[in-house]
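Reviewing the structure listed below.
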Amino acid sequence: MTALVNPAEVEFSNIRAQGPGGQNVNKVSCAVHLRFDIAASSLPEAIRERLLALSDQRITQNGVLVLKAQQSRSLEQNKEDALRRLQELVDSVAVLPALRRATKPTRSSQRRRLDSKTRSGQTKAMRGKVSE
């Protein structure tokens, strides 16, 4: 199941980037905060529930996902990066984990396990003190 994020449901705000960069960092707001309200989005219900169930610190208590992008010096590239990361997060939740089916060990594997336990027990019994 794939779900595309509607760019109209995403809110961008420009902020100043952190870290080194000198005068350019101090005067240009090229970093981006992407805000995405999960509950109000047009994503399928199952994906919304799995997104909200994530224990991710980027998701607020109100169900708003906040991503910060500041890798590039270009505002447009940072917006694209934030949208790409949001889509990757949605895609990772869209894939259902495979259900685990409990299986029993085969008889031969049980026998091999018990035989090896017996052999190691006999080896350890030989390590005792020698008495004549």
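The values are calculated or read from the model by the stated rules, or taken from the named source; none is laboratory data. Quantities reported herein were computed from a predicted structural model and do not represent experimental measurements. Heads up, the Cβs are rebuilt from the backbone with ideal geometry, glycines too, and the neighbour counts pull from every protein chain shown. Side chains included, ligands, DNA and RNA excluded: accessible areas come from the protein's heavy atoms. Shrake-Rupley method; radii C 1.70, N 1.55, O 1.52, S 1.80 Å.
For the reader, a short list of remarks on this structure follows.
Quick grid of which residues meet (1) open to solvent by 40 Å² or more (accessible area, probe 1.4 Å); (2) more than 17 Å from the chain's Cα centre (by Cα):
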site: 62; (1), (2): yes, yes
site: 78; (1), (2): no, yes
site: 97; (1), (2): yes, no
site: 118; (1), (2): yes, yes
site: 127; (1), (2): yes, yes
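- Once the range 19-54 is narrowed to residues that are at pLDDT below 80 and of a type in the set (S, T, N, Q), the residue that is farthest from the chain's Cα centre (by Cα) is 23.
- Residue list for the range 15-36, restricted to those being under 19 Å from residue 84 (Cβ atoms), outside any loop (DSSP other than H, G, I, E, B) and open to solvent by less than 80 Å² (accessible area, probe 1.4 Å): 15, 31, 32, 33, 34, 36
- Scanning the range 1-14 for residues that are without any contact (Cβ under 8 Å) to a residue 40 or more places away in the chain, out of contact with any Leu (no Cβ under 8 Å at 6 or more places or on another chain) and open to solvent by 80 Å² or more (accessible area, probe 1.4 Å) yields a single hit, 8.
- In the range 86-119, the residues that are closer than 30 Å to residue 20 by Cα and without any contact (Cβ under 8 Å) to a residue 40 or more places away in the chain: 88, 89
- Qualifying residues in the range 79-114 (those that are over 30 Å from residue 66 (Cα atoms) and small (Gly, Ala, Ser)) - the one modelled with the lowest pLDDT: 102
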